[in-house]
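Visitor: Here it is, the structure, as structure tokens.
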Amino acid sequence: MDASQDKIYQKLVNSLEDLTKLYRTLLDTVRKEKELLVAADIEKLQENNLAKESTLAKIRALDVTRERYAKEFAQVIGGDIDNPRLLEMARIIQGPEAVRLRTIHSALEVLVRRTSEINKENEQFAQTALNTLNGAMTDIKDTLAGKKTYARQGKMAQGPDQSGNFVSKEA
């Protein structure tokens, strides 16, 4: 690799390593979110969600930079500029630099897959908790509303001014 290729390669690798760190942070945040959902600690869950949103914003910003460096590097080495892929670039350049790209690719793939899996589990857990809570709230509301069939709905009818005749005195 010549000096210009190496410079762009280093920029790409640095952005990929920074992205890997952020995905590790996101994975830790999602794992912590699961614990907080189980513990039902709303305050800490809100703090964790803010940290998660912050990490996701950083990932989005860094991903734009990574994409730009990947396109530059693909152009320099003769790869696909429109859709640069790390494994394709590694195949083109060969050597220890290629091994490094493959390693980073594998790490990112595992981190993204694991984060996605845990996030889906968290979503299912939160949805189940919400359904349970909604059911309990409905039951409480129904209990407080009273019975609809036996509730007082009218007034007592006033009897006649004179008492009536008994049909039978045995009662």
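Visitor: Looking only at the range 55-78, count every residue that is of a type in the set (A, V, I, L, M) and more than 16 Å from Arg91 (Cα to Cα) and tell me the total.
Guide: Result for the range 55-78: 6.
Visitor: Then there is this: Can you confirm whether Phe73 is farther than 20 Å from Leu26 by Cβ, in contact with a helix residue (DSSP H, G or I) (Cβ under 9 Å, 6 or more places away or on another chain) and of a type in the set (Phe, Trp, Tyr)? It would help to see each step written out before you state the result.
Guide: Numbers: farther than 20 Å from Leu26 by Cβ: yes; in contact with a helix residue (DSSP H, G or I) (Cβ under 9 Å, 6 or more places away or on another chain): yes; of a type in the set (Phe, Trp, Tyr): yes.
Spelling it out, Phe73 is indeed farther than 20 Å from Leu26 by Cβ, in contact with a helix residue (DSSP H, G or I) (Cβ under 9 Å, 6 or more places away or on another chain) and of a type in the set (Phe, Trp, Tyr).
Visitor: Name every residue in the range 2-57 that is surrounded by 13 or more Cβ atoms within 10 Å (Cβ to Cβ) and either at positive phi or of a type in the set (Phe, Trp, Tyr) (or both), in order of residue number.
Guide: Tyr9, Tyr23
Visitor: Considering only the range 125-145, how many residues are surrounded by 10 or more Cβ atoms within 10 Å (Cβ to Cβ) and either in contact with a strand residue (DSSP E or B) (Cβ under 6 Å, 6 or more places away or on another chain) or not small (Gly, Ala, Ser) (or both)?
Guide: 13
Visitor: A further question on this structure: Can you work out which of the residues in the range 62-90 that are assigned to a loop (DSSP other than H, G, I, E, B) and not β-branched (Val, Ile, Thr) is farthest from the chain's Cα centre (by Cα)?
Guide: Residue satisfying both the conditions and the ranking: Gly78.
Visitor: Quick one: in the range 39-56, which of the residues that are assigned to a helix (DSSP H, G or I) and over 14 Å from the mean Cα position of the chain (by Cα) is nearest to Lys21 (Cα to Cα)?
Guide: Glu47
Visitor: Here's another thing I want to ask about it. In this structure, does Ala98 turn out to be small (Gly, Ala, Ser), part of a helix (DSSP H, G or I) and modelled with pLDDT under 85?
Guide: It is false that Ala98 is small (Gly, Ala, Ser), part of a helix (DSSP H, G or I) and modelled with pLDDT under 85.
The values are calculated or read from the model by the stated rules, or taken from the named source; none is laboratory data. Quantities reported herein were computed from a predicted structural model and do not represent experimental measurements. Reconstructed Cβ throughout: ideal geometry from the backbone, glycine too, with neighbour counts over all protein chains shown.
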